[in-house]
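Just so you know, all these numbers are worked out from the coordinates, no wet-lab data involved. Predicted model only: the values in this text are computed from it and were never measured. Because the Cβ atoms are built from the backbone with ideal geometry, glycine has one as well, and the counts that use them run over all protein chains shown.
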Amino acid sequence: MPSKIKTLTQLKKITANLKRRGKKIVFTNGCFDILHYGHIKYLEKASKYGDILIIGLNSDSSIKRIKGSRRPLNPEKYRAYILSAISFIDYIVIFGQDTPYNLISALRPDILVKGGDWHKNKIVGSGIVKQYGGKVLTIPYVKNLSTTKILKKITAIG
């Protein structure tokens, strides 16, 4: 397992140490099934809001529940490995729940980030983060670009 991919237990220890050293933790989450330009731009911008960027990666089982039985296209270990190759991502943690609520509660990031297609008050975990003085931010969504749209193009071709 690449060194950036951690369990929640490992990540709790790491983040506690980083916070003691004054580092700002940024957290975001997603499926990242077919990594595309919109994902990279979003993650790159998210990384600039703090010192450490943590990605909560939906497990295969959670994606199936959220997006249907035909997804994900790429297994979680492949998706995590690809994300771990991106220099501005510091850690990845795979979670099996439908939302990252438990991760956010456990890690207590300084900044919670989601794409602009999410309203700040609807972002899972926003209440927790605001409660302890953290920030919730959205990053503008890259229009007309999503994994679903890419899949529609592929199926139209093939």
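Considering every residue within segment 96-119, establish whether at least one is over 16 Å from the mean Cα position of the chain (by Cα) and either under 19 Å from residue 35 (Cα atoms) or loosely packed, with under 14 Cβ neighbours inside 10 Å (or both). Yes, some residue in segment 96-119 is over 16 Å from the mean Cα position of the chain (by Cα) and either under 19 Å from residue 35 (Cα atoms) or loosely packed, with under 14 Cβ neighbours inside 10 Å (or both). When residue 51 is tested against the conditions (1) surrounded by fewer than 20 Cβ atoms within 10 Å (Cβ to Cβ); (2) on the phi < 0 side of the Ramachandran plot; (3) without any contact (Cβ under 8 Å) to a residue 12 or more places away in the chain, the lone failure is (3). Restricting 56, 38 to residues that are within 17 Å of residue 146 (Cα to Cα), touching a residue at least 12 places away in the same chain (Cβ under 8 Å) and among the small types (Gly, Ala, Ser) narrows the list to 38. Per the conditions (1) out of contact with any strand residue (DSSP E or B) (no Cβ under 9 Å at 6 or more places or on another chain); (2) without any contact (Cβ under 8 Å) to a residue 60 or more places away in the chain, the sole criterion not satisfied by residue 43 is (1).
The residue pairs whose first member lies in segment 106-129 and is under 13 Å from residue 24 (Cβ atoms), whose second member is assigned to a helix (DSSP H, G or I) and aliphatic (A, V, I, L, M), and whose beta carbons are closer than 6 Å, counting only pairs six or more residues apart or on different chains, are 112/129; 113/46.
Among the residues of segment 130-144, those identified as surrounded by 14 or more Cβ atoms within 10 Å (Cβ to Cβ) and either free of Cβ contacts under 8 Å to residues at least 12 places away in the same chain or among the aliphatic types (A, V, I, L, M) (or both) are 130, 136, 137, 139, 142. Out of 38, 30, one residue alone is surrounded by 15 or more Cβ atoms within 10 Å (Cβ to Cβ) and more than 18 Å from residue 92 (Cβ to Cβ). It is 38.
Could you grab me the full set of residues in segment 129-145 that are more than 14 Å from residue 114 (Cβ to Cβ) and in contact with a helix residue (DSSP H, G or I) (Cβ under 8 Å, 6 or more places away or on another chain)? Within segment 129-145, 145 is the sole residue that qualifies. From the list 41, 48, 4, 19, the lone residue that is of a type in the set (Lys, Arg) and more than 23 Å from residue 115 (Cβ to Cβ) is 19.
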